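All remarks here apply to the structure that follows.
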């Protein structure tokens, strides 16, 4: 049977209830607030920035012997200028495109873009006498400029089996104007970069098989028919660095290196510069 409380007991009971409720509210207020989504994102971006900094430091350490060369710094400066001018030209194109009412054939545009991107002339492509004469006249100038600006080395040691220029062969796949030289060597022979530069293309498509391009300023070296490529696009390579292995991929009759030197879109005879 429940006992009836007197006035003092009722007051005391009420004070206890009030005290418990206040303590409960305070404990709820003191509980740790959940982390906001904003703070989680900030932490993520901070970690990402730290990781990028570490990656840049590691890259600089691995390429310290090349990064601080004067030639590389000049190359980097030129790329910065080219990027800036490219952005300005792109913005100008967007502004002027609204006023331009000229129509261009889509198929022609696509062909031009593909030729610029690949800049590859098949070894069996027909080239006219006028083209040959014009390129020879310019080649002498390019050769002198290359000798003055670079100290090139042989990509491999071997036997030159096909020289630059017009050639004839019983094999119809190798007829026409040869845009480089072929150097025969055993499959798997190391291929070295002829100069310091940046890898602008790594591909295994077309007549060149597995091939890559290394560029410095407006000069590009092409190494084709490789069995294996050891570098990636965008990688900086130094003169003498092993970048690939000799093979016979693509349109090839045996293990050799097809080696090209290009100044802008002009081909240069490597034997006018190198002694192989």
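Before moving on, here are some points about what is shown:
- Extension gain, residue 204 to residue 187: 0.36 nm times the residue separation minus the Cα-Cα distance gives 4.4 nm.
- Descending Cα extents along the principal axes, segment 227-276, whole Å: 31, 27, 23
- The fewest-to-most ranking of 239, 272 by surrounding Cβ atoms within 10 Å reads 272, 239.
- Among 156, 261, 17, the order by Cβ neighbours within 10 angstrom, fewest to most, reads 17, 156, 261.
- Using the alpha carbons alone, the radius of gyration of segment 153-272 stands to its Kirkwood radius in an Rg to Rh ratio of 0.93.
- Packing-based exposure ordering (other Cβ within 10 Å, fewest first) of 222, 152, 271: 271, 152, 222
None of the figures in this text is laboratory data; all of them are computed from the coordinates on show. Quantities reported herein were computed from a predicted structural model and do not represent experimental measurements. Positions of Cβ are backbone-derived with ideal geometry, glycine not excepted, and every protein chain shown enters the neighbour counts.
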